[in-house]
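A short worksheet on the structure shown next.
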Amino acid sequence: GSEFEEKIDYVFKVVVIGDSAVGKTQLLSRFAKNQFCLDSKSTIGVEFQTRTVNIKSKLIKAQIWDTAGQERYRAVTSAYYRGALGAMLVYDVTKRQSFDNVARWVEELRAHADNSIVIMLIGNKADLVDLRTVPTEDAVEFSENQGLYFFETSALSGNNVETAFLKLLDEIHNVVS
Ligand code: GDP
């Protein structure tokens, strides 16, 4: 690899989960395709992108996995969760059902992922102000009860996307260091 690659201190695997069409792929692109994006890869069935960021003087390579639509068939396998240190659990603030399903996704994580996984709940499409059906307070209450971090984002405008990913990576760093 390049000189830059060789200085990487940690590689953190992060999975992005949640119902279909909530904006998982757009969130991932928004975060990964910034100017520090080093490479992107795809394999059969699963895809991940990477971005390297500096957190507390450590170079951290985030390897962020997308379900590639597998959630549509309830076919997200335990291989997807293996080794994941963080999860972005996404719902759509305009689709109540996608928020109601969040509890099921948390169960899925507790069943298949490592106990110490850091979970960030994301209410995406916050730009669709007039179409909102999930009040912020509902998600705040849920995340406090479940011990999750929480942000509302817009992959469209980019609002809070960087903040949410960096917060997740920072919390993972706190867990592993
Ligand atoms: P996925 O199935 O969860 O990966 O969802 P996608 O990333 O494919 O997004 C589903 C649809 O929602 C697409 O039409 C996106 O353009 C749209 N979308 C994603 N994020 C946002 C957002 O933050 N705001 C708005 N208005 N639309 C979004």
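Values quoted throughout were computed directly from the atomic coordinates according to the rules given, and no laboratory measurement underlies them. Remember, predicted model here, so these are calculated numbers, not experimental data. Here Cβ is always computed from backbone atoms with ideal geometry, including for glycine, and neighbour counts include all displayed protein chains.
Taking the C-alpha atoms of the chain, how large are the radius of gyration and the largest Cα-Cα span, Dmax, in Å?
15.4, 48
Hey, got the dipole for the chain? About the Cα centre, +1 on K and R Cβ, -1 on D and E Cβ, debye to the nearest 20?
Numbers: 20 positive and 24 negative charges, 77 e Å.
So the dipole magnitude of the chain works out to roughly 360 debye.
Karplus couplings for the range 84-89 from phi (6.51 cos²θ - 1.76 cosθ + 1.60, θ = phi - 60°), rounded to Hz, Gly and Pro as x?
Here the 3J(HN,Hα) series is 6, 9, x, 9, 9, 9 Hz.
I'd like the FRET efficiency for Arg82 and Leu166, computed as 1/(1 + (r/R0)^6) with the beta carbon distance as r and R0 of 22 Å, rounded to 0.05.
Details: r = 24 Å, r/R0 = 1.10.
So, using R0 = 22 Å, E works out to roughly 0.35.
To one decimal place, what orientation-averaged projected area in nm² is obtained for the convex hull of the Cα set of the range 111-177?
Mean projected area of the Cα convex hull: 5.4 nm².
Just need the relative contact order of the chain here, percent rounded to a whole number, with Cα pairs under 8 Å and 6+ apart.
That works out to 23 percent.
Could you derive backbone 3J(HN,Hα) for the range 9-22 from the dihedral phi with the Karplus parameters 6.51, -1.76 and 1.60 (θ = phi - 60°), listing whole Hz in sequence and x where the residue is Gly or Pro?
Listing the rounded values in order: 8, 9, 10, 10, 8, 10, 9, 10, 10, x, 4, 4, 6, 7 Hz.
Would you compute, for the Cα atoms of the range 42-140, the largest minus smallest coordinate along each principal axis and list the three values in descending order, in whole Å?
39, 36, 27
Taking 0.36 nm per residue of separation and subtracting the Cα-Cα distance, what length does fully extending Asn174 through Glu141 add?
Gain in length upon complete extension: 9.5 nm.
Where the only charges are on Cβ atoms (+1 Lys, Arg; -1 Asp, Glu), what is the dipole of the range 72-177 about its Cα centre, to the nearest 20 debye?
The calculation lands at about 480 debye.
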